[in-house]
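*Asks:* Okay, handing you the structure first.
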Amino acid sequence: MTGLVYKSTGSWYTVKSEKGDFIECRMKGKFRMKGIKSTNPIAVGDIVDYELEETSDTLTGTIHKIHERKNYIVRKSVNLSKQIHIIASNIDQVFLLITIDNPPTTTSFIDRFLVTAEAYGIEAVLIFNKIDTLNEQTLDDQLYLQHVYQEIGYKCLRISSTENKGVDKLKEMMIGKVSMFSGHSGVGKSTLVNAMEPSLHLKTTVISEQSKQGQHTTTFAEMYDLSFDARIIDTPGIKGFGIVDMEPSEISGYFPEFFKLKDQCKFNNCLHKEEPHCAIKAALEKDEIAWSRYNSYLKILEGDEEHYRTDIYGDDRAASDETRK
Ligand SMILES: Nc1nc2c(ncn2[C@@H]2O[C@H](COP(=O)(O)OP(=O)(O)OP(=O)(O)O)[C@@H](O)[C@H]2O)c(=O)[nH]1
Ligand SMILES: [Mg+2]
Ligand SMILES: [Zn+2]
């Protein structure tokens, strides 16, 4: 029998059958997908083959095959730097929730996320959530960031999940699709799912007053069927985004505004650092490329991965003055 994985806790997987029942399944033996070394062999969104276990009183099953994935989005696991964690698979679009200051989201984090989505060929949309909390300064910061990303071509939405602003527009974009919410803990992913489907009552928690960070309320990725013909995968907040191995020459291809200009660089292997007649540096000087994007690019190029854990709330805050050049 074939089903779709709605939740994975590591040892048990909730699979929705073709008839629409939810069956708790285990994995049979060990199996690996070709070329993927991940901490989790099966992810939410996977299509699997399973057999029902006849011996048990409750309905359980064993999974013996994963169908090939259309795509998947991964992050490097923070502790085991060589391993990756598959957040979800077979998704049509991913929404990154961003808050300006509660909690703060850095441009470096946003850009790492976007690079990952570009690399895996998944459309990414930016959601600026908690717009009801913005003051004069943070509103300015939010609008500036939105401008930067819209210029590049990313769709942006302004939402207040608690005041139900902008939610209908989002729903429209989700019809007929599998979408995923991502972002730091506390940005309001689960609150936004509740705003779209109040009957779900997903657990949410206020962010810590002191640290201005979320409390990691959602602990496992889970998919939900929504009443307007849409599916959403709510995910646990992520601290940082380690970029999975990329060749230095590949990276600028995942910055769409760099990619457009690349052919105009003097050297076709230009890494846009110190090379003469670099079209990207020229665009930067003319303010046609945002400095925050260029800085993110350099960090990824330098393999600056450990950094994000310490400076995420530090000097490269999304809305800091340096990035507003
Ligand atoms: N003012 C305001 N508060 C919001 C909004 N969206 C979410 N919140 C609040 O932000 C806090 C965190 O929301 P959650 O939905 O738990 O955040 P999350 O992103 O799911 O967090 P994790 O599950 O930890 O990753 C809660 O207190 C929400 O009520 C919003 O649009 N405006
Ligand atoms: Mg949550
Ligand atoms: Zn160049």
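No lab work stands behind these numbers, since they all come straight from the coordinates. This one's a predicted model, so the numbers in the text were calculated from it and none came from an experiment. Don't worry about glycine lacking a Cβ; one is built from the backbone with ideal geometry, like all the others, and counts go over all protein chains shown.
*Asks:* Counting only pairs 8 or more places apart or on different chains, how many lysine pairs in the stretch 142-270 have C-alpha atoms closer than 17 Å?
*Replies:* Lysine pairs, 8 or more places apart or on different chains, close enough: 12.
*Asks:* With a point put 7 Å past each Cα toward its Cβ, work out how far residue 60 is from residue 155 in nm, to one decimal.
*Replies:* Label at residue 60, label at residue 155, 4.2 nm between them.
*Asks:* Can I ask one more? By how many nm would the segment from residue 68 to residue 228 grow when fully extended, if each residue of separation counts as 0.36 nm and the alpha-carbon distance is taken off?
*Replies:* 54.8 nm
*Asks:* Express in nm, to one decimal, how much length is gained between residue 260 and residue 172 on full extension, taking 0.36 nm for each residue of separation and deducting their alpha carbon distance.
*Replies:* So the chain would gain 28.7 nm between residue 260 and residue 172.
*Asks:* Sticking with this one: How do 134, 96 rank when sorted from fewest to most other Cβ atoms within 10 Å of their own Cβ?
*Replies:* Ranking 134, 96 by Cβ neighbours within 10 Å, fewest first, gives 134, 96.
*Asks:* Here's another thing I want to ask about it. Within the chain, which cysteines find no other Cys whose Cβ is under 4.7 angstrom from their own?
*Replies:* Among the cysteines of the chain, those whose Cβ sits 4.7 Å or more from every other are 25, 156, 278.
*Asks:* Nearest 10 degrees, 0 to 90: what angle lies between the long axis of helix 107-119 and the longest principal axis of the chain (Cα atoms)?
*Replies:* For helix 107-119, the angle is close to 60 degrees.
*Asks:* 7 Å from Cα along Cα→Cβ at both residue 287 and residue 135: what's the point-to-point distance in nm?
*Replies:* Taking the simple label geometry, residue 287 and residue 135 are separated by 2.6 nm.
*Asks:* Quick one: if you stick a label point 7 Å off each Cα along the C-beta vector at residue 201 and residue 53, how many nm between them?
*Replies:* My value for the distance between the label points is 2.9 nm.
*Asks:* Calculated from DSSP H runs of 4 or more alone, at -39500 (n - 2.57) each and per residue, what is the 222 nm mean residue ellipticity of the chain, nearest 500?
*Replies:* Only helices count here, giving -6500 deg cm²/dmol.
*Asks:* On to the next question. If the chain between residue 163 and residue 18 were fully stretched, how many nm would it gain, using 0.36 nm times the residue separation less the Cα-Cα distance?
*Replies:* 48.6 nm
*Asks:* Still on this model: Which whole-number percent is the relative contact order of the chain (Cα, under 8 Å, 6+ apart)?
*Replies:* Reported as a whole number, the value is 16 percent.
*Asks:* List the extent of the Cα atoms of the chain along each of their three principal axes, largest first, rounded to whole Å.
*Replies:* The Cα atoms of the chain stretch 70, 45, 35 Å along their principal axes.
*Asks:* Please report, in debye to the nearest 20, how large the charge dipole of the stretch 63-133 is about its Cα centre when each Lys and Arg carries +1 at its beta carbon and each Asp and Glu carries -1 there.
*Replies:* Dipole about the Cα centre, nearest 20: 440 debye.
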